[in-house]
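See structure below.
The values are calculated or read from the model by the stated rules, or taken from the named source; none is laboratory data. Everything quoted here is computed from the prediction, not taken from an experiment. Neighbour counts run over all protein chains shown; Cβ positions are idealised from the backbone, glycine included. With ligands, DNA and RNA removed, areas are computed over all heavy atoms of the protein, side chains included. Shrake-Rupley method; radii C 1.70, N 1.55, O 1.52, S 1.80 Å.
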Amino acid sequence: MPHLRIFNDRAGYDEDRYTLVMSVKRKPTIFHLVAGPGLEVKTDEKDGKSVVEVFTEAGDDAAVHKDGRLSGWEKEQTIRKITLTAKEAGSTVLRAVGGGADQIKPLPITVVSNNECRQVGNALGEITTKLREDVQKLSLRDAVIEVARDQMNSAISIGHSKNGFGVYMKSETLNWCGAFAYWCWAQAAFIKGESNPFANGGDEVLWSPQRAIEWAYKPSSPVNMWRVDAKNEGYDPTKLARADIVLVRANTSEWKGEDESKRPSGPWYWKHVCMVYSISGDTIMTMDGNQGWPQAIKIVQRSLSEKVDGGPYKLAFVHPFMV
């Protein structure tokens with residue numbers, strides 16, 4: 001069956017949801033149409049024009065057949081190169097038509113004016129109309145993750161030279177995993193017109209596990225804290241929820257490639273801040289920022305039962321109880 005493949009610059013492409021965000025400020029996006037000889041490739045128009053210009057090569061792109069990501073069946077097919085160029089902000093749908101009907105699954109495309117192929121921008125509340133409508137239908141927790149997914153598939157995350165530094169916090173040198181989690185909560189809460197449960201701690205409250213813990217212990221903080229130390233009570237994995245903050249411990253023996261002068265003296269140390277994406281049994285999927293190149297924001301699989309040297313669980317949690 002004819003279908004699309006993308007091999008190089010994937011910025012803005014959400015493969016799981018089969019959507020594409022393009023920028024009028026970036027170079028064209030290249031797709032390949034597998035098993036589609038003779039099909040007409042086009043985008044939907046409004047008032048006689050489309051926000052995305054399409055150029056499709058008529059013949060086979062011989063070079064791409066060498067790509068190891070293609071299946072044996074795909075390599076036997078005609079593969080045509082498609083070049084998409086964003087012209088102005090808006091939305092459209094990419095189609096490959098034959099016999100008067102769609103021959104591939106139509107690909108929804110959103111074109112934005114920022115340079116990062118993201119629908120949620122830097123300014124508080126900056127969001128495309130379509131995503132705003134979608135977010136308004138979600139719970140605040142799901143909205144937080146929706147904002148994070150938009151960033152995960154953006155040019156900030158995929159192949160960006162700065163790997164996210166200086167985007168979610170002013171510093172261009174400090175690790176930004178916790179700043180990213182706070183930014184997603186702040187954006188989602190503002191867009192939905194709801195309270196951000198971390199707001200009274202300031203935008204630096206999640207910059208490190210230590211900052212989060214210090215704030216969470218304050219009586220005014222509307223959160224539960226679980227598995228941080230022996231004082232924490234009430235932990236129940238069934239109470240964990242989407243977008244909860246995850247504080248990650250690591251073994252000191254794993255301290256590789258980091259500043260040796262800061263090596264902890266104990267068997268473990270606090271290393272990372274992320275968010276709950278989903279939970280199934282002992283498996284927890286987390287939404288993580290500051291993951292380096294080639295994808296700076298990604299979903300990571302972890303274990304709820306894993307421990308570090310010295311006994312504590314690897315994962316601790318900050319759970320806003322007012323949401």
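Here are some notes:
- Taking the range 193-204 as the range and being crowded, with 18+ Cβ neighbours inside 10 Å and touching a residue at least 24 places away in the same chain (Cβ under 8 Å) as the test, the residues that pass are 197, 198.
- Where a residue in the range 121-149 is under 21 Å from residue 321 (Cα atoms) and open to solvent by less than 60 Å² (accessible area, probe 1.4 Å) and its partner, wherever it lies, is of a type in the set (Lys, Arg) and at pLDDT below 95, with Cβ under 7 Å and at least six apart: none
- The set of residues from the range 46-82 being part of a loop (DSSP other than H, G, I, E, B) and either in contact (Cβ under 8 Å) with a residue 24 or more places away in the chain or open to solvent by 80 Å² or more (accessible area, probe 1.4 Å) (or both) comprises 47, 50, 51, 57, 58, 61, 67, 69, 70, 76, 77, 78.
- Residue match in the range 10-22 (condition: within 29 Å of residue 160 (Cα to Cα), of a type in the set (Gly, Ala, Ser) and free of Cβ contacts under 8 Å to residues at least 60 places away in the same chain): no
- Filter pass, residue 276 being part of a strand (DSSP E or B), under 27 Å from residue 160 (Cα atoms) and in contact with a helix residue (DSSP H, G or I) (Cβ under 9 Å, 6 or more places away or on another chain): yes
- Within the range 81-128, the only residue that satisfies the criterion of being within 18 Å of the chain's Cα centre (by Cα) and of a type in the set (Lys, Arg) is 118.
- Restricting 222, 209 to those that are open to solvent by less than 10 Å² (accessible area, probe 1.4 Å), within 16 Å of residue 319 (Cα to Cα) and of a type outside the set (D, E, K, R) reduces the list to 209.
- Residues considered: 105, 162. Of these, the only one that is outside any strand (DSSP E or B), within 22 Å of residue 29 (Cβ to Cβ) and without any contact (Cβ under 8 Å) to a residue 40 or more places away in the chain is 162.
- For the range 284-302, the criterion of a residue being more than 16 Å from the chain's Cα centre (by Cα) and surrounded by fewer than 16 Cβ atoms within 10 Å (Cβ to Cβ) is satisfied by no position.
- Boolean, residue 116 is within 27 Å of residue 151 (Cα to Cα) and out of contact with any strand residue (DSSP E or B) (no Cβ under 6 Å at 6 or more places or on another chain): yes
- In the set (1) in a loop (DSSP other than H, G, I, E, B); (2) open to solvent by less than 70 Å² (accessible area, probe 1.4 Å), residue 310 fails one condition alone, (2).
- Neighbours by Cβ (under 7 Å, 6+ apart or cross-chain): first from the range 289-317, within 30 Å of residue 9 (Cβ to Cβ); second open to solvent by 70 Å² or more (accessible area, probe 1.4 Å) and in a loop (DSSP other than H, G, I, E, B): 290/175
- So residue 111, is it part of a helix (DSSP H, G or I) and buried (at least 19 other Cβ atoms within 10 Å of the Cβ): no
- Verdict on residue 138 being touching a strand residue (DSSP E or B) at 6+ places or on another chain (Cβ under 8 Å), modelled with pLDDT of 95 or more and not in a strand (DSSP E or B): no
- The set of residues from the range 192-221 being of a type in the set (Phe, Trp, Tyr) and assigned to a loop (DSSP other than H, G, I, E, B) comprises 198, 207, 217.
- Candidate set: the range 83-102, residues that are in a loop (DSSP other than H, G, I, E, B) and over 16 Å from residue 1 (Cα atoms); chosen: the one least open to solvent (accessible area, probe 1.4 Å): 89
- Inter-residue pairs, beta-carbon under 9 Å, first assigned to a strand (DSSP E or B) and of a type outside the set (Val, Ile, Thr) and in the range 234-263, second modelled with pLDDT under 90 and open to solvent by 10 Å² or more (accessible area, probe 1.4 Å), 6+ apart: 251/310
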